[in-house]
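Since every read-out is calculated from the coordinates, none of them should be taken as a lab result. Remember, it's a predicted structure, so these values are computed and weren't measured experimentally. Cβ: placed from backbone, ideal geometry, glycine included. Neighbour counts: every protein chain shown.
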There are 4 protein chains.
Amino acid sequence: MSAPADLLLRTGPKAAEEVVDTYRELAGPVVEKVRDADFRTQWQAMADLGVLRLAAADDTGPGPVTRSLAMIEGIGLAGADPGICYALASQVFGMQFPLRAALAEDAWRAIAEVQDGGTLLCHALTERSGGSDPFSMRTRARREGDVFVLDGAKTFITAAPVADRAIVFARTGEGRSPFALSAFLFPLDIPGVVRAESFTKTALPSVPMGELVFEGARLPAGSLIGDEGSGLAVMASTTAWERAVILGYALGPMRRTLRRIVEWAAGRDHFGRRMGASHQVASRVSEMALALHRSRVQLYAMAALLDAGTPARQLAAEAALTKISVSEDYVRLTEHATALSGVRAFIADSELPADLHSPMAALTYAGPNDLLRVGIARQFGLPVEN
Amino acid sequence: MSAPADLLLRTGPKAAEEVVDTYRELAGPVVEKVRDADFRTQWQAMADLGVLRLAAADDTGPGPVTRSLAMIEGIGLAGADPGICYALASQVFGMQFPLRAALAEDAWRAIAEVQDGGTLLCHALTERSGGSDPFSMRTRARREGDVFVLDGAKTFITAAPVADRAIVFARTGEGRSPFALSAFLFPLDIPGVVRAESFTKTALPSVPMGELVFEGARLPAGSLIGDEGSGLAVMASTTAWERAVILGYALGPMRRTLRRIVEWAAGRDHFGRRMGASHQVASRVSEMALALHRSRVQLYAMAALLDAGTPARQLAAEAALTKISVSEDYVRLTEHATALSGVRAFIADSELPADLHSPMAALTYAGPNDLLRVGIARQFGLPVEN
Amino acid sequence: MSAPADLLLRTGPKAAEEVVDTYRELAGPVVEKVRDADFRTQWQAMADLGVLRLAAADDTGPGPVTRSLAMIEGIGLAGADPGICYALASQVFGMQFPLRAALAEDAWRAIAEVQDGGTLLCHALTERSGGSDPFSMRTRARREGDVFVLDGAKTFITAAPVADRAIVFARTGEGRSPFALSAFLFPLDIPGVVRAESFTKTALPSVPMGELVFEGARLPAGSLIGDEGSGLAVMASTTAWERAVILGYALGPMRRTLRRIVEWAAGRDHFGRRMGASHQVASRVSEMALALHRSRVQLYAMAALLDAGTPARQLAAEAALTKISVSEDYVRLTEHATALSGVRAFIADSELPADLHSPMAALTYAGPNDLLRVGIARQFGLPVEN
Amino acid sequence: MSAPADLLLRTGPKAAEEVVDTYRELAGPVVEKVRDADFRTQWQAMADLGVLRLAAADDTGPGPVTRSLAMIEGIGLAGADPGICYALASQVFGMQFPLRAALAEDAWRAIAEVQDGGTLLCHALTERSGGSDPFSMRTRARREGDVFVLDGAKTFITAAPVADRAIVFARTGEGRSPFALSAFLFPLDIPGVVRAESFTKTALPSVPMGELVFEGARLPAGSLIGDEGSGLAVMASTTAWERAVILGYALGPMRRTLRRIVEWAAGRDHFGRRMGASHQVASRVSEMALALHRSRVQLYAMAALLDAGTPARQLAAEAALTKISVSEDYVRLTEHATALSGVRAFIADSELPADLHSPMAALTYAGPNDLLRVGIARQFGLPVEN
């Protein structure tokens, strides 16, 4: 039964499908081995498979973005925890790719070790009182000669409790000027940086989330990303990258859910016939297939555009639409699976436990969909107010 | 702010709204006091408020069903755990009312103490291999003189790990005959009854769920509900009662969620204005109000019909439609609240944690909605196959 | 087959269901007879059945609003054109009931003949440039001694091309003051009133819609409804009445569509079995039943509240929610019917032609649902901007 | 304003986007000129632009399927009637491409003139009593020496009233054997072929639809497509082709609708600000953009797979999913546009008239979506019954 489910909907470029298959096979035994290990152990195990390594643009085979997307799909298909998949996609697409593009070659080389997994990045943007409005930011970096001194606090940061370095956005200017913000990349083990609260999460619980507090932290020289005042531009790049392809982390889990449900429905008896004989069940399975199919097609299309050299910021509208579409389809697929699983969906150690919080969180992470909708409408020329 | 949210949508009969208000006030301090207590303690505390007591049909004031519905809404509104609300509604509507209707007066009087909370009932129908098909039932009761001897196992039984008595359905005949099943009500502390597995649940975690295994259990004389072979008729009654009004347990939690979100959106700043100034937020809040309003209207309409003496079985189609409508609207309301809560929805100890599993379980508990749809279509005359 | 579909979902008050049945039977032959007649002939035929007559509040039997609702459902069920049903509901609920409440007894008696059908009212509110914002109104009434002189133009007025009298809203003050508007009721055959453009409609095409232009029209003394400056209050009353129960016009057409589809699916062969044997078909039919059931329950609940004397304006939130719910369910029911009808849905003279425009128009008529959502959120205390 | 709407969401291959632009420009004046002409005149005008011409597989530039898709999008964007777009897509994708693949080279060359527009094809599959079940087919072809004699009737055939040749499926064997059907291609002006009823349609009204009756029609030698008994295989090919890309006809109309709504909302005043300032409006416009974006991405992805030589039948699941996704998004886009258009949506000669029937018909044409869902679930291995 599992064969067809896995062989269908493989409409990506052939070279990409091969990477998916390779990584599914490679990751299988590793996933088993680290299943109950802590976050950093799982992270390192995946990194050792090469999942964090960005291909050079001139490699033969699929382009670098497509390749990263396919590797992450492959390990998800092998059963890697969705939280790990999310954290990998977040660092690769939301940090590594935009940093490689934004940093001078030697600056990139200095942190390129992140690709080995030994150093873990986090992305610190949101503040308690501010939600999604960058200009509500109160964290402030004040220049003192060569260096910047940082004061403030960031929250809801994926991986903050375990990360080694952080990309941090802070005010270096006033008001709502497009040049009021700057971006920094620096190690977290410097004086004045406190890892504050670590959250108990109901979505993607395996990946830690926490807060960072900065109390007069003197950032090492060279911490600035780009120029002073270019924070909003850096943010536009990291968020466009993220929205374009981060939902790739969901493809593996989605395919696994679909396969599991097909096997269940094909094998279970119900009212004297196979459960899968019912048109209701067929409709729900077909809706799940639809969710998966169009998510794959859109994500690999975005990857192809990025591989072709289209600047991420030019794809802001399309990236946001892809993020909305895939996250909603991820929720829908999970809801159909839940409906087909009956009471077992709500029994933690049953054959068919459902996790609804992680897919729902995809609607909010990497930009709440409602906020993205406002941005998209603006790009179409509507005078939308904040 | 909370005033309007609580004062709107009170379109039930005046006498019913007064019961809601009374029980909200009565339950408030009790809820606080027992918040962290175990299930039976919470159950007893609610029972002590009178929530399990069925009014006599000739009382002045709202009819008995309306009154029970309003009491349960009131304690939910006071903050009682949704799991407790569910368990109360399940016993009151799915067991007490149909038993009062089905049992001879002295048989009912013999168990009427359940209304005091000291004795807890459970309803054992589903079996591991069978899902929702009653004729897949393998539990069997074999008559030996005056008594029945029971063998088999039931699963997914709300309250099984803590209940004192059970309503159990078992085969007393063969095949798919409408008279092949019988219903029994008996104490669980007799020889041959084993409380097997207790489940770890992700939905309504506060209310225990488990299995019962019967190994040659000799049921006391008088355990049979109605006549031998009337099991399907008893089941039709308990399930129609359940579907008609059990979702009443969700009204309190829904109203609390709506109120909390309104307060949050009205108070929070976002992009330089109140979050609640946005038409997107207004639309979501309005959708939540819609979900709540039409759920209340439908549930109180069903209660009024039952109070008017309409037999539950005659309302099977309308009961199923009400159950589908309210359960789907409960999910929808929760999803809108989650979208408006941002990342906080997924932080367990935040101001706005979301519980998506409990509402989703309402789609399955008391009859999976897909199965109900098949039954409804049949009542409209369609020759729907199983 | 048609029996069950018609006998289910009759959960309104018994007296109301009897009125529905009576009017279905009464209207049957009349509907046949006037099927191809012009609008006024159909209108008069329905009026002759008593559909426009408001019951006295102290009549035995169902209250006046419930009775009107049931009569209109009955004639719709008998096959009256949805456009006629809409026009009747619009005059009865959006004009007659609020006028009876607002006018002094002798003023009401003066126009009470509208209940015989010989005089037709229309309700002129919207202007070309303004959409749904009453304060964008440019039509102006200037007092000259005892009378008012009216200048301006109104558009999108149901029945304007054939009506005898109009309720017209106009500025008598400046700006966005709550007392800037006044309401008038006067005959359309006075000098200075021009019936301008008559529209070709795709929704409810049988009921005419047009424009009225006022060029120095001197309104007869006594045309003012209420006091000068009370226009907004009158409008709040007419719109609350309308939203609460006008969608009652859709109940008859919805029930007819459901019945037709059930008969089709039960009778047609498909892939070697009855079409209605499929769970997909069952699900769609069940969704249609859900749409109808909860629309009926909500509308009759609103009617009961109005009959109990609750002022319409106090029900503004609930009325708007009812209007949104029923209009969306009307669309949904029609879409399911269309999907089940196959190509025949799009063949004008087939057995199963679909009309999608009329149900979709219900989302907009009597207040666009998006606008209603904004108003509802405001009533819950959100500071929603315009 | 129109610039952004047209410049966004152009994420197809660059060469394809250029074809879209070229054909939009080419078609503009032609569309204007033939706007009110009859169907064949419009058809010929589009054919003269080269829209029916299939590129050779080894052309430089985009592949042949991609090129056809882009040409049809371009003329739709120029304002060609959706009915014409549909008819072109239907002949190109559902007939020309599969015929070029299925026919021997000389047989193809014999009918290759269809690419000039002078000869019009139609595709005759459905029968009155049968709906979508091919084995319910009663039309029968009986071999007499070299030729076949055809008896039976087909209905709901796009272009039947004006076509010159037809692809017709008929029984040449018994029962539900996979070899019971055969496919024929022959001219309609032979004895024994009657063009029967021509339908008045509410969807895509500009393209004629009708019936064909065969009364002992002796088909010319060489009419058989492929071998006797290969009808089901031919049908699998034509339907897979159709489902994969036929919805391309909707891209132009979807883009035009989006552009028109953006212009309207950006320009119109509403409650003292631009209508497009509202987050509700932004959300709807963003949903429209989502519908368009993922439809384009999926359709061009299918075209790329077909251009890469993937046999259409291998893409049956993906083709069906694409068809479902695009048709549902076409409906959704149209519904959002309708909601934003207010009453004007239902005034035939307003600035914003809505046509809801044509998009809804896309759910049924080229395979009803419910039926496609059953087929998809089967391909995933579910034992779905008919």
*Show me A:191-198, B:260-267 ranked by packing, highest mean number of other Cβ atoms within 10 Å first.*
B:260-267, A:191-198
*List the residues whose amide H sits under 5 Å from the amide H of A:Arg268, counting only those 5 or more places along or on another chain, with H placed 1.01 Å from N in the peptide plane.*
A:Met275, A:Gly276
*Would you mind ranking C:Thr41, B:Thr119 so that the residue whose beta carbon has the fewest other beta carbons within 10 Å leads the list?*
C:Thr41, B:Thr119
*Stretch A:Arg332-A:Asp38 to full length: gain in nm at 0.36 nm per residue minus the Cα-Cα span?*
102.8 nm
*Crossing angle, helix C:231-245 versus chain C [Cα axis fit, 0-90 degrees, rounded to tens]*: 10 degrees
*Is the shape of chain B best called rounded, prolate or oblate, per the rule: a/c under 1.5 gives rounded, else a/b larger than b/c gives prolate, else oblate, with a ≥ b ≥ c the square roots of the Cα gyration tensor eigenvalues?*
prolate
*On average, how many beta carbons from a partner chain sit within 10 Å of the beta carbon of a residue in A:336-346?*
6
*asked:* Out of the trypsin sites (Lys or Arg not before Pro) in the stretch B:101-164, which ones are loop residues according to DSSP with at most 15 other C-beta atoms within 10 Å?
replied: B:Arg128, B:Arg138
*Would you list, by chain and number, the lysines whose Cα falls below 28 Å from the Cα of D:Lys323, excluding same-chain residues fewer than 8 positions away?*
A:Lys14, A:Lys323, D:Lys14, D:Lys154, D:Lys201
*Amide N of the stretch B:171-187 lying under 19 Å from the label point, which is placed 7 angstrom from the Cα of B:Arg142 along Cα→Cβ*: B:171-175, B:180-184
*For the pair A:Ala101 and B:Val149, how long in nm is the line joining their label points, each one 7 Å along Cα→Cβ?*
7.7 nm
*For D:Asp164 and D:Thr22, what does the FRET efficiency come to when R0 = 35 Å and r is the distance between their Cβ atoms, rounded to the nearest 0.05?*
0.75
_Rounded tilt (10° steps) of C:39-48 against the dominant C-alpha axis of chain C_ = 80 degrees
_Suppose we consider the axis relating copy D to copy B; can you name the residue of D with the nearest Cβ and state that distance in angstrom as an integer?_
D:His279, 2
*Amide H contacts of B:Ala196 (H built 1.01 Å from N, under 5 Å, at least 5 apart or other chain)*: B:Glu211, B:Leu212, B:Val213
*Each residue of the stretch C:257-264 in order: what ³J(HN,Hα) in whole Hz does its phi give by Karplus 6.51 cos²θ - 1.76 cosθ + 1.60, θ = phi - 60°, with x for Gly and Pro?*
5, 4, 4, 4, 5, 4, 5, 4
*Report the calculated FRET efficiency for B:Gln314 and B:Glu228 (r = Cβ-Cβ distance, R0 = 22 Å), to the nearest 0.05.*
0.35
*Would you kindly work out, in nm and rounded to one decimal, the distances from the label point of D:Ile190 to those of the same position in each other copy, ordered shortest first, with label points 7 Å along Cα-to-Cβ?*
7.6, 8.0, 8.6
*asked:* What distance in nm separates the two pseudo spin-label positions at D:Arg10 and C:Ala110, each 7 Å out from Cα along the beta-carbon direction?
replied: 6.5 nm
*For A:Asp38, inter-copy label distances in nm, listed shortest first [label point 7 Å out on the Cα-Cβ vector]*: 3.4, 8.2, 8.7
*Between the label point of C:Asn386 and that of the same position in each other copy, find the distances and list them shortest first in nm, with every label point placed 7 Å from Cα along the Cα-to-C-beta direction.*
2.2, 6.3, 6.3
*Expressed as an acute angle from 0 to 90° and rounded to the nearest 10, what is the orientation of the C-alpha long axis of helix B:316-341 relative to the principal long axis of chain B?*
40 degrees
*Roughly speaking, what is the centre-to-centre gap between the stretch A:130-157 and the stretch C:234-299 when only Cα atoms are used, to the nearest Å?*
56 Å
_Three semi-axes of the equivalent ellipsoid, the protein assembly as shown, Cα gyration tensor, whole Å, largest first_ = 46, 45, 39
*Please say if the stretch A:121-229 is rounded, prolate or oblate, where rounded means a/c under 1.5 for a ≥ b ≥ c the square roots of the C-alpha gyration tensor eigenvalues, and otherwise the choice is prolate for a/b larger than b/c and oblate otherwise?*
oblate
*Calculated from DSSP H runs of 4 or more alone, at -39500 (n - 2.57) each and per residue, what is the 222 nm mean residue ellipticity of the protein assembly as shown, nearest 500?*
-15000 deg cm²/dmol
*asked:* I need the calculated FRET efficiency for the pair A:Glu215 and A:Glu174, taking r as the beta carbon distance and R₀ as 25 Å, to the nearest 0.05.
replied: 0.70
*Counting other Cβ atoms within 10 Å of each Cβ, which GluC sites (Glu not before Pro) in the stretch A:322-386 have at most 12 and sit in a DSSP loop?*
A:Glu351
_I need C:Ile167, D:Ile111 ordered by Cβ neighbour count within 10 Å, fewest first._
D:Ile111, C:Ile167
